[in-house]
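Quick note: the coordinates plus some simple rules give every number you see, no bench work behind them. On a predicted model such as this, the values are computed, not experimentally measured, just so you know. Cβ sites come from the backbone with ideal geometry, for glycine too, and all protein chains shown count toward neighbours.
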Amino acid sequence: MVGTLGSPRTGGIDVSSRAPFGWAPLVVLFIVGFVDRIEHNLLSGVLPAVQQEWGFSDTAAGSIPTAAALAAAVVALPAGYLADRLSRTRIIAVVVFVWAIATLGSGLATGFVMFYLMRVLLAAAENIDNPASGSLLADYYPPVSRAKAYGLTRVTTYLGGVGTLLGGVLAEAFSWRTAFLVMVVPGVLTALLVWMLREPRRGELDRLVATGDVTATGTATGAKPVTEPVTEPVTEPVTEPGAQPVTGPAAKPAFSRQLRQVAAIPTLVSVCVGLSLLTLGLAGIFYWLPTFMVRTLGVGTAAAGSLSGLITVAGTLTGTLIGSWLGRKWHGTRKGGRLLAGGSGITAGSLVLAGALAMESIAAMTALVLLACSLMSIAIPNMTACLADVVPAAARGLGFAVLQLLITVGGAFGSLIVGIASDRLGSLSAGMYILVIPMVVGGLLTLGARASFERDARKVMEEAARG
């Protein structure tokens, strides 16, 4: 039945619960991110085989993620605009179906140009669903659960290392085209699953938490069961079948004004710029890591893809568990506790990754890359939860769009920088070392965001309490 997942557990919204709408929405959005990132990372695993078939340079190979990221950056802010005004579940479902079709096109490409264009289309489609997903999570889960919710969905960025593993194995066992064709089916099935999600009322959970508007039985006073998804903008009272009229949110401000309001949040700016610099380094280094293993350490394509993917997955899971624990322990007990945990992990992990690239044995490099991934992944359950806390509900789609825009732009040039350095200097590792510096700076910037976090988060709850 359409729209049945994500209904309030008790018929009303129980704000005393850590998951008043249940955990099904989190599972579905986790699947979206996981399938998305697996497909995205296939290219890294199959890259040696694709280069062998079409014979293009490292600069051309590095430009694929750059062009794709720039296309994604173009749609980032419009995607946030739409996420604040239209049904977010429908946006995500349609987008997931589109990138499943683009994946099919990648596998059926008859030449490098067609393949290139499919990767660009895919990246643009992928970026449209991120603001909607980020906004939805804040309306499904209260502040106490957001570190867990955002941590599990954002961890998919790194769990997508499974795609590198899958790509390398399938490319060697069958062909690189097989890797893309296999991913079409889970893409289509995921789109159908998202279509079944029920759209929550925008900002209602924040209002109930801020006002403490809850009965002795744990059901929000005056809250009506959500029986139909609401598509915004809403300027008139919304009447649902079988329910009393509920006043909808006021008309949205003009896009330019709303963007200025979001950009004026100090914590958001510091964290977004910091994560953008981190992504610049990660995108470049991990895109080329399997190729680095093949060329420098003499590892086979399948083994390189498998090692790179397994390192990323294991390190990410370890770091996320540690980060979730630290986030719970330090949030409210240390100034900007979540940012302290995440920023420290990013800074230390970046330095360890630099050491890993100097290793001459695959075992030593694997161990250090694993440690670096674990440290940097401490940020995963903490950074986006902090952003959800400092951006008002009515603008969260745009807030996450700003984050996605800066992350996308940051990641756009990492692979290209390494590719150009490799062609000009004759050393793949030289380009990878260049990217360590912005990663460290990114960690320090996120630590600096602690100065404004508590003030920005308090403003959001005060605004929610005013209704």
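Quick notes
- Dimensionless Rg ratio for region 260-371, taking C-alpha atoms and the 2.2 N^0.38 Å reference: 1.27
- Taking amide hydrogens as placed 1.01 Å from N in the peptide plane, the amide H of Arg85 sits under 5 Å from that of no residue at least 5 positions away in sequence or on another chain.
- Whether the chain is rounded, prolate or oblate, judged on the alpha carbon gyration tensor where a/c under 1.5 counts as rounded: prolate
- Each residue of region 332-346 is assigned a 3J(HN,Hα), and the resulting list reads x, 10, 10, 4, x, x, 5, 5, 5, 5, x, x, 5, x, 4 Hz, derived from the Karplus form 6.51 cos²θ - 1.76 cosθ + 1.60 (θ = phi - 60°), x at Gly and Pro.
- Percent RCO, i.e. relative contact order, over the chain, from Cα pairs under 8 Å lying at least 6 residues apart: 26
- Taking other C-beta atoms within 10 Å as the exposure proxy, Ile31, Ile380 rank Ile31, Ile380 from fewest upward.
- For region 308-321, Karplus couplings with θ = phi - 60° (6.51, -1.76, 1.60), whole Hz, Gly/Pro x: 4, x, 5, 4, 4, 5, 5, x, 5, 4, 4, x, 5, 5
- Distance in nm between pseudo-label sites at Thr211 and Ala363 (7 Å out along the Cβ direction from Cα): 6.4
- Dipole moment magnitude, nearest 20 debye, the chain about Cα centre, only Lys, Arg, Asp, Glu C-beta charged: 920
- Relative packing of peptides 384-393, 299-308 - highest average C-beta neighbours within 10 Å first: 384-393, 299-308
- Degrees separating the helix 450-466 axis from the principal Cα axis of the chain, which is the longest one: 30
- Across region 395-405, computed HN-Hα scalar couplings (Karplus, 6.51 cos²θ - 1.76 cosθ + 1.60, θ = phi - 60°) run 10, 5, x, 5, x, 6, 5, 4, 4, 5, 4 Hz from first to last residue, x flagging Gly and Pro.
- Fewest-first ordering of Asp139, Asp84, Asp456 by other beta carbons within 10 Å of each residue's beta carbon gives Asp456, Asp139, Asp84.
- From its DSSP helices (H runs of at least four residues, each -39,500 (n - 2.57)), the chain gives a residue-normalised ellipticity at 222 nm of -24500 deg cm²/dmol.
- With Cα atoms, 0 to 90° folded angle of helix 88-108 axis to the chain main axis: 20
- Based on Cα contacts under 8 Å between residues 6+ apart, region 39-176 shows a relative contact order of 43 percent.
- Taking Thr291, Thr318 and counting other C-beta atoms within 10 Å, the order from fewest to most: Thr318, Thr291
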